[in-house]
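Colleague: Just passing along the structure, written as structure tokens.
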Amino acid sequence: MHVLDVLKERGFLAQITFEEELYKQLEQEPTVFYVGMDPTAASLHFGHFIPILAM
């Protein structure tokens, strides 16, 4: 099963722009992404946890 299919199944993705191209990109080479947050910040909340789950 493709990673995008898993993320859709878990409800992390509602819609994807250029979905077919993204599937191809993820199959061809490793893809790097960045999730920036300060784990010590007082404003940190559960919503920040969602991108971590997707990693």
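Colleague: When you scan the range 34-55, do you find a residue that is of a type in the set (S, T, N, Q) and surrounded by 10 or more Cβ atoms within 10 Å (Cβ to Cβ), even just one? Before you say what the answer is, go through the steps one by one.
Modeller: Looking only at the range 34-55, we keep the residues that are of a type in the set (S, T, N, Q), and these are 40, 43.
After this cut, where a residue has to be surrounded by 10 or more Cβ atoms within 10 Å (Cβ to Cβ) as well, the list is none.
No, there is no match, as no residue in the range 34-55 is of a type in the set (S, T, N, Q) and surrounded by 10 or more Cβ atoms within 10 Å (Cβ to Cβ).
Colleague: Where the second residue is among the β-branched types (Val, Ile, Thr) and part of a helix (DSSP H, G or I) and the first is at pLDDT below 90 and surrounded by 10 or more Cβ atoms within 10 Å (Cβ to Cβ) and lies in the range 6-31, which pairs have Cβ atoms under 9 Å and are six or more apart or on separate chains?
Modeller: Between residues of the range 6-31 that are at pLDDT below 90 and surrounded by 10 or more Cβ atoms within 10 Å (Cβ to Cβ) and residues that are among the β-branched types (Val, Ile, Thr) and part of a helix (DSSP H, G or I), the close pairs are Phe12/Val6; Phe12/Ile50; Leu26/Val3.
Colleague: Scan the range 1-15 residue by residue and report those that are assigned to a loop (DSSP other than H, G, I, E, B), farther than 16 Å from Thr31 by Cα and not aromatic (Phe, Trp, Tyr). Talk me through it step by step, then tell me what you get.
Modeller: Here is the first cut: in the range 1-15, the residues assigned to a loop (DSSP other than H, G, I, E, B) are 1-2, 10-15.
After this cut, where a residue has to be farther than 16 Å from Thr31 by Cα as well, the list is 1, 10-15.
Residues satisfying the conditions are Met1, Arg10, Gly11, Leu13, Ala14, Gln15.
The values are calculated or read from the model by the stated rules, or taken from the named source; none is laboratory data. All values derive from a computational prediction rather than experimental measurement. When we count neighbours, we look across all protein chains shown, and the Cβ atoms used for this are built from the backbone with ideal geometry, even at glycine.
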